[in-house]
Structure formats: C-alpha cells, structure tokens
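One structure is given here, and the rest of the page talks about it.
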Amino acid sequence: MKTVKIILTTSFLILTGVCLSQASILAQWTFETSQPATSGPFAAENGIFAGTSQASGFHANSTTYSSPTGAGSSESFSSQNWAQGDYYQFTTSTLGYDDVTVSFEAAGSSTGPKNFQIAYSLDGSSFTVLDDYIVLVTGSPNPTWSASMSAANAALFAFSFDFSTVSALNNQDLVYFRLIDSGTTSAGGGTVAGTGISRVDDFTISA
C-alpha cells in the first residue's frame, strides 16, 4: 500500500515600517482671550501657527460684534444684522502639513441666518465652496448655549469638514476659510432680521 505524506507549512506575515500619523492643531480660536467686540482680526489662542493665524468678520452693513457664552465655554464670536455674503474668516499656515480638516460649533438666534457655506481660498480673493450647512437655534426647542453646557448638547451644534482631497491647501504659507451667509431664511424658519445673530465657537484647523 502506498503512503502519501502531507507536509503542512506555515506562513508568517511580517509587518515592518508601519507609521501612523496623527492630526495636529494648526490654529484654534476659543475666543476666551480675544473676547471679540469688533470685526477683528484676532489671533488664535492655540495651535502650531497660533501667533500668525487670524479670525475676523465682515458685514456689508453696520453690525455689532460681541462675545456671548459659547458651546460649553464663556465666550464665542457673535454678530448681528446679517445679509447674504457676510462672513466669518479664518486664516492660517499649513507649511509642512497636509490633509486639512476644519471643525467648529455654530448657532444662531431664531431670526439669525440658517444657511451657510464653508469656502476656502489661497489668495483671500477667489473662494471655492466646499459644502453647505444649516445652523440651529440656540434655545428652545434646542439646548441653549451656556458655559455649563454638556459635551453631548454642544455636539448637536458641531460641524466638521474634511479638506483632505483639496491638495492645493497642503504646505501653504497662508490659507483662508470663510463661513458665508448664503440665504435669507432664518434659523427659526422665518426671514433673517437685523437683530438676528449668528455665533461660532472653537473654530479649529487641523492637519
């Protein structure tokens, strides 16, 4: 009788040279230090390029800037009398970095603007819109922004946008981001009024 011998071999997978990268904060505005009362510019409080990164606001008509309570913090960046095309702007460097992301919290009064766009630029003049987003009302039926606001409630107002596919933003001396009022509908469902406010907090640029 013929005997067949079966030889079992074991393969080993050797994994070498694996590098896991972690995002770094390039610039972050909490507005706890700047406490805006004008259009700015205001330096970022945190981040690798904090000292050279700036936040500012623009309104075509006269407005009032202020720093009411944020989403779980004491201050935010707020203004009223919004019109289409008005914006908040944030600038930073991305030298040595790529895969940019932007995150923040945003809210408004019931007569503040509901519809916004987030856009980017390399020259501060020609902007490209990445996405649209909708701002909720701070207060009933939603949670009210306050210094003691829970992280879970703050998350309801949080936004995050991935710019990693926009390679033009990589390794640049200066890049621009704008949060642009894009409509006349208010956060409460009516029409934006002169006294309507919109505020932003914890604006963070990472890469």
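The values are calculated or read from the model by the stated rules, or taken from the named source; none is laboratory data. What you are looking at is a predicted structure, and each value in this text was computed from that prediction instead of being measured. Backbone-built Cβ (ideal geometry, glycine too); neighbour counts: all protein chains shown.
Remarks
- Here 168, 83, 158 are screened, and the one residue that is of a type in the set (A, V, I, L, M), modelled with pLDDT of 95 or more and in contact with a His (Cβ under 9 Å, 6 or more places away or on another chain) is 83.
- Positions within the range 148-207 being aliphatic (A, V, I, L, M) and in a loop (DSSP other than H, G, I, E, B), in sequence order: 149, 156, 166, 174, 187, 192, 193, 207
- Entirely in the range 48-125, the strands (runs of 3 or more DSSP E) that have 3 or more residues that are closer than 22 Å to residue 27 by Cβ and aromatic (Phe, Trp, Tyr): 87-92
- Qualifying positions in the range 133-158 - surrounded by fewer than 20 Cβ atoms within 10 Å (Cβ to Cβ), of a type in the set (Ser, Thr, Tyr) and either under 19 Å from residue 75 (Cβ atoms) or within 19 Å of the chain's Cα centre (by Cα) (or both): 133, 144, 146, 148, 150
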